[in-house]
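Input: a single structure, listed below in structure tokens.
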Amino acid sequence: METLVWTFLILIVLAGLFAGVLLTFYLLQEKIIFSPIKLTKNYLYPFEGEFEERFYEVDINVSLNCLLFKAKNSKGLIFYIHGNADNLRYWGDFAPFFVNLGYDVFMYDFRGFGKSDGRIKGERMLLRDAKRIYEIMLKEYDALKIHIYGFSLGTGIAARLAHNQPFANLFLEAPYYNFLKLINYHKAYLPASWITKYHFRTNKYLKDIEQPIHIFHGTEDRKVPFYLGKELKDLHPKINFYKVDGATHNEMQEMELFQLKMADILA
């Protein structure tokens, strides 16, 4: 009898600890998923070449900081949605690649990143902000000359945006099948579907997109593993999947295959 009591008590303690882990993850998931770096409002971006800094209001007292890099004789616009960390000071370094191909590049910081106001409180907020910013850019650029580009976490946002908006091409760099699978990859001990507010169902959105979709994924990616991108390959006949041998998570622009394919697609 005494053994049963102790066994029962141990099970209660273990269940309590597990419940505590789940509750902690749920309450702190924004801090776990996102790693923003703030910038003062008067910070001056050091980028070379022509660019504009803008602020667009997406909610009451919430403006997002944006950068528009300009190409000479622009062929169109790359609407770039970045990953889960840092700010535009870092991400802006990825713009010259596209500018050199003849495209303007538009980037924005999520809420709480860089100079952007507010803080992220859920997936719907991120999707809504992207839609509002994109609709502003549609007033400046022909939709058939806008290419939506998502990187890492931003691929889920980009896929959802492309599901509802007109555009020319959708580019996904280091995407995931859906965000739950990515959470399970990094934290297999968590029942992600129970506790996360973020799902980013990339697989669901891509099925209904009519425009060309181009996916680039590095075989040595450890942040978003290659297999999660490859699983998207067969969802739609218009998906072009490019296996980039040797590429890790942040060095795609250095890879010859990527350079050649992008130059060809955006010619």
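The values are calculated or read from the model by the stated rules, or taken from the named source; none is laboratory data. Predicted model only: the values in this text are computed from it and were never measured. With ideal geometry, Cβ positions are generated from the backbone for all residues, glycine too; neighbour counts draw on all protein chains shown.
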Among (1) surrounded by fewer than 20 Cβ atoms within 10 Å (Cβ to Cβ); (2) free of Cβ contacts under 8 Å to residues at least 40 places away in the same chain, which single condition is ARG201 missing? (2)
Condition set β-branched (Val, Ile, Thr) and not in a helix (DSSP H, G or I), scope the range 193-215, selection farthest from LEU260 (Cα to Cα): answer is THR196
For LYS139, indicate whether it is without any contact (Cβ under 8 Å) to a residue 12 or more places away in the chain and either farther than 21 Å from PHE200 by Cα or surrounded by 17 or more Cβ atoms within 10 Å (Cβ to Cβ) (or both). yes
What is the number of the single condition among (1) without any contact (Cβ under 8 Å) to a residue 40 or more places away in the chain; (2) closer than 18 Å to PHE167 by Cβ; (3) surrounded by 19 or more Cβ atoms within 10 Å (Cβ to Cβ) that PHE69 does not meet? (2)
In the range 95-111, which residues are more than 17 Å from ILE265 (Cβ to Cβ), among the aromatic types (Phe, Trp, Tyr) and not in a strand (DSSP E or B)? PHE110
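Does LEU4 satisfy the condition of being at pLDDT below 95 and at negative phi?
On the way: at pLDDT below 95: yes; at negative phi: yes.
So LEU4 fits the description; yes.
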Sort through PHE241, PHE200 and tell me the only one that's assigned by TED's automatic domain parsing to the domain that holds ILE148, in contact with a Ser or Thr (Cβ under 9 Å, 6 or more places away or on another chain), at pLDDT 95 or above and among the aromatic types (Phe, Trp, Tyr). PHE200
Top-ranked residue in the range 164-186 [being free of Cβ contacts under 8 Å to residues at least 40 places away in the same chain and not hydrophobic (A, V, I, L, M, F, W, C); ranked as nearest to TYR242 (Cα to Cα)]: ASN178
Which of the numbered conditions does ILE215 fail, given that it passes all the others? Conditions: (1) in contact with a strand residue (DSSP E or B) (Cβ under 8 Å, 6 or more places away or on another chain); (2) in contact (Cβ under 8 Å) with a residue 60 or more places away in the chain; (3) aliphatic (A, V, I, L, M). (2)
Could you list, in sequence order, all residues of the range 204-251 that are of a type in the set (Asp, Glu), more than 20 Å from ILE148 (Cα to Cα) and surrounded by fewer than 16 Cβ atoms within 10 Å (Cβ to Cβ)? GLU220, ASP234, ASP245
